[in-house]
Amino acid sequence: MTPLFFHFLVAALPAYLIGSFPTGYVIGKLFKLGDIRSIGSGNIGATNMVRAGGKKLGALVLLVDMVKAAIGFSWSAEFVEIYQPDLRWEQAGTVSLCVLALLAVFIGHMFPVWLKFKGGKGISIMIGSLLCLPLLSSGVPVVYWPLLIYLAVWLGCYALTKTSSLSGLSATLAVAIYFWVSFFLADFPASICDSHQSMTHCTSYWSIVPVLSLVYSFTALLIFYRHTDNIRRLLRGEELAFRRKEKETM
C-alpha cells in the first residue's frame with residue numbers, strides 16, 4: 001500500500017463523516033419542524049426543506065450542504081500538508097487526493113451512517129464541489145468553466161421546464177461530459193497552459209482531469225441513482241414543477 005493511498009484512506013473517513021452530517025434533519029429538529037423525513041417527499045435535502053419550513057430554511061440547508069464539500073476538501077488539503085509535507089500542493093497526487101476526498105463527501109451526504117444510509121440526493125454537494133475546484137489551481141480561468149456550465153444548463157433547463165429535478169440531472173450530466181471532452185482533447189489544455197502566466201498551477205489542474213472525469217462520472221451515476229423516483233415520474237410525465245410543489249431533488 002503506497003503512502004499516498006494510505007493517507008487517502010485515513011483522510012477519506014473524516015471527509016465521509018463531514019458529508020454525512022444530516023443538515024436537513026438537524027435543522028428540522030432545531031426549528032421545531034419535527035422529522036423532515038415524514039414531510040413531503042421524505043428527503044432531507046433543501047427542496048423538501050422549502051416545503052417543510054419555507055425558502056429561508058431551504059436556503060440554509062443548501063448553504064450548509066455546500067459548505068460540507070468545502071470543509072471536506074479543506075480537511076484533505078490540511079491533512080496532506082501535516083502528514084505528508086514532502087508532497088507539494090502543485091503535484092498531481094496531492095490534488096487528486098483532495099478531489100477523491102470530495103467523492104467521500106458525496107457518498108457521506110447520500111448515504112449517511114446516522115440515518116441508516118439514506119440521505120440527500122447530491123445536487124447541493126455537486127454545486128459545493130464545483131465551487132471548490134478553483135482552489136486546485138489559483139488564477140486559472142478555465143477552472144471556473146465546470147461551475148459556469150452547470151449553472152448555465154441548470155438555469156436554462158429550469159427556465160424551460162420549471163422542474164428542478166430535470167434541471168439538476170441535466171446540469172450534472174453536462175459537467176460529466178465536459179470533463180470527458182476535456183480529457184480527450186489533449187491539445188486543448190496544453191494551448192491554455194502555454195498562454196497562461198501560472199504554468200505550474202495550470203499544468204497541475206489539467207494533469208488531474210482524468211481523475212476529475214472519473215470522479216464526476218461516478219458522482220453523476222450516484223445522483224441519477226438517488227433520483228430514480230424522479231426519473232420515473234419524469235418518464236410518466238408526472239413530475240411536478242417546483243412552483244407546484246415539485247417532489248424534492250436536493
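The values are calculated or read from the model by the stated rules, or taken from the named source; none is laboratory data. Model, not experiment: these values are computed from the prediction. Please note: Cβ atoms are built from the backbone with ideal geometry, for glycine as well, and neighbour counts cover all protein chains shown.
A compact table of results
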| read-out | value |
| --- | --- |
| Residue satisfying condition, being surrounded by fewer than 21 Cβ atoms within 10 Å (Cβ to Cβ), closer than 30 Å to residue 51 by Cα, modelled with pLDDT of 90 or more and basic (Lys, Arg), within set 226, 232, 244 | 232 |
| Out of 186, 159, sole residue that is surrounded by fewer than 16 Cβ atoms within 10 Å (Cβ to Cβ), at pLDDT 80 or above, of a type in the set (A, V, I, L, M, F, W, C) and more than 20 Å from the chain's Cα centre (by Cα) | 159 |
| Odd one out for residue 88, checked against (1) more than 16 Å from the chain's Cα centre (by Cα); (2) under 22 Å from residue 212 (Cα atoms); (3) modelled with pLDDT of 85 or more | (3) |
| Residue in region 97-115 that is modelled with pLDDT under 75, part of a helix (DSSP H, G or I) and closer than 16 Å to residue 12 by Cβ present | yes |
| Inter-residue pairs, beta-carbon under 8 Å, first modelled with pLDDT of 75 or more and in region 118-143, second in a loop (DSSP other than H, G, I, E, B) and of a type in the set (Asp, Glu), 6+ apart | 121/248 |
| Residue in region 33-44 that is assigned to a loop (DSSP other than H, G, I, E, B), in contact with a helix residue (DSSP H, G or I) (Cβ under 6 Å, 6 or more places away or on another chain), of a type outside the set (S, T, N, Q) and farther than 21 Å from residue 226 by Cα present | yes |
